[in-house]
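Only one structure is covered here, and it is reproduced in the block below.
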C-alpha cells in the first residue's frame, strides 16, 4: 500500500517496512556526513533490527523532492493517536535520515495527514543531535524529553595524554587493581577480534559469559538461542564482512573474563555491549577490560571518537572527555494536542512534587 501527497513540490510515500532494502543506498546517502556514515546510522544496522524486531505495523516513510528522497524514516504506532520512529531498545539513534538541516515541516504536515487518525503526536525517539537534524523551528508545537546522558572519548590525542587527564582517584584505583591481578595471575591479555569467523565465535562466547551472571539468572542475557543474541550475532557478522566489527576480549591466564562488542568505521567506534565474569568482580574485570580496550584502540586505530551510547552514571562519566543528551523529540499535530499534553504533564509534575513532600 502506498499513500502519496504533494506539497511544495514534495512527494510522500507510506510503504511497508519490507521496502527498506530497496532504499538502503538512498538511506546511506542521506546518512553520510563529510563522506562518512556513523556505524549506528548505517543501513545494515536498521536492516538487521527490522529482521529481528519488526512487526506488521512498522512502516517506511519516504519524502521526495524532484524524484530523489530527502528524508526516510521507519515508524510505528504507539498509544492511540501517537506514532514514533521504530524504536526497539537495541537501536541507539532515531530511525530516520535526512539531507535537510531540519526535519522539514512539510514532512511533518504530510506525516500527520498520512498516518491513521486521530493523529495526536509523532516522536523521534533516541535523537542524537550530533548526527541528526532537529525539528524545523517553524513547527511551533513540539517539545523534548531526556532519554539518556551519554559519553564519548576524543581519540585525537595519545592514550597517555587521555589517561593523564582522568581523575586521580580513577587512575589510582586502576593501578591498584592491575597490581592485584598481577599478583594473582601470570598473564593478562586483551584480544581484538575482527575477522568474520572470529567475530561469530566471539559473540557466542560473549553470550556464554553474560549468561553466567545476573542477566542469565533474570533471563535477559544475550545468547545464541534468543532473539537478542541472534540480532547481535548477525549485526556484527554483517559489519565484519567489511572490516567494521570488533570484539575485545579480556583474559586472565587464558581464561575469558570480559568482552566488549563494537562496531566501527573510518572515524568512530561504538561500544555496543559489555559483560564480564562476575567471579572476577573483585579484580574490577569490567574496568580493566575498558582500560585495556581503550589503550589498544588508541594504539591500533586512527579514529576521531569512541562512543558509548549509554546512560552514564558518575563513575562512567569519569572515562569520557565529552557528554551529551540523547533526547526524544515530539511534534504535535496542532495547538490542541500540544496544549492537552502540556496540561497532562503539569498534572503529572504536581503529583510527583506532592509525593516527594
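Taking region 85-105 only, how many residues are surrounded by 21 or more Cβ atoms within 10 Å (Cβ to Cβ) and either out of contact with any helix residue (DSSP H, G or I) (no Cβ under 8 Å at 6 or more places or on another chain) or assigned to a strand (DSSP E or B) (or both)?
Within region 85-105, residues that are surrounded by 21 or more Cβ atoms within 10 Å (Cβ to Cβ) and either out of contact with any helix residue (DSSP H, G or I) (no Cβ under 8 Å at 6 or more places or on another chain) or assigned to a strand (DSSP E or B) (or both) number 7.
Going through region 309-357 one residue at a time, which ones are over 22 Å from the mean Cα position of the chain (by Cα), modelled with pLDDT of 70 or more and assigned to a loop (DSSP other than H, G, I, E, B)?
333, 334 - these are the residues of region 309-357 that are over 22 Å from the mean Cα position of the chain (by Cα), modelled with pLDDT of 70 or more and assigned to a loop (DSSP other than H, G, I, E, B).
Is it the case, given these coordinates, that residue 74 is modelled with pLDDT of 95 or more and within 17 Å of the chain's Cα centre (by Cα)?
The answer is yes for residue 74.
Taking the options 50, 60, name whichever one is part of a helix (DSSP H, G or I) and closer than 27 Å to residue 333 by Cβ.
Going through 50, 60 in turn, just one is part of a helix (DSSP H, G or I) and closer than 27 Å to residue 333 by Cβ: 50.
For every residue, the table says whether it meets (1) over 17 Å from residue 307 (Cβ atoms); (2) in contact (Cβ under 8 Å) with a residue 24 or more places away in the chain; (3) not assigned by TED's automatic domain parsing to the domain that holds residue 166.
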position	(1), (2), (3)
224	yes, no, no
231	yes, yes, no
235	no, yes, no
240	yes, yes, no
255	yes, no, no
267	no, yes, no
274	no, no, no
283	yes, yes, no
293	no, yes, no
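One line per residue, one yes/no per condition, for (1) within 30 Å of residue 129 (Cβ to Cβ); (2) touching a strand residue (DSSP E or B) at 6+ places or on another chain (Cβ under 7 Å):
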site: 251; (1), (2): no, yes
site: 256; (1), (2): no, yes
site: 282; (1), (2): no, no
site: 290; (1), (2): yes, no
site: 297; (1), (2): yes, yes
site: 330; (1), (2): yes, yes
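Within region 295-333, track down each residue that is more than 21 Å from residue 157 (Cβ to Cβ), touching a residue at least 60 places away in the same chain (Cβ under 8 Å) and exposed (fewer than 14 other Cβ atoms within 10 Å of the Cβ).
Within region 295-333, just 311 meets the criteria.
Here are 65, 18, 26: which of them is within 23 Å of the chain's Cα centre (by Cα) and surrounded by fewer than 17 Cβ atoms within 10 Å (Cβ to Cβ)?
Among 65, 18, 26, only 18 is within 23 Å of the chain's Cα centre (by Cα) and surrounded by fewer than 17 Cβ atoms within 10 Å (Cβ to Cβ).
Sort out for me the helices (runs of 4 or more DSSP H) sitting completely within region 121-214 that have 1 or more residues that are in contact with a strand residue (DSSP E or B) (Cβ under 9 Å, 6 or more places away or on another chain), loosely packed, with under 15 Cβ neighbours inside 10 Å and without any contact (Cβ under 8 Å) to a residue 12 or more places away in the chain.
The helices (runs of 4 or more DSSP H) meeting that bar are 168-184, 196-211.
The values are calculated or read from the model by the stated rules, or taken from the named source; none is laboratory data. Please read all numbers here as calculations on a predicted model, not as lab measurements. Cβ: placed from backbone, ideal geometry, glycine included. Neighbour counts: every protein chain shown.
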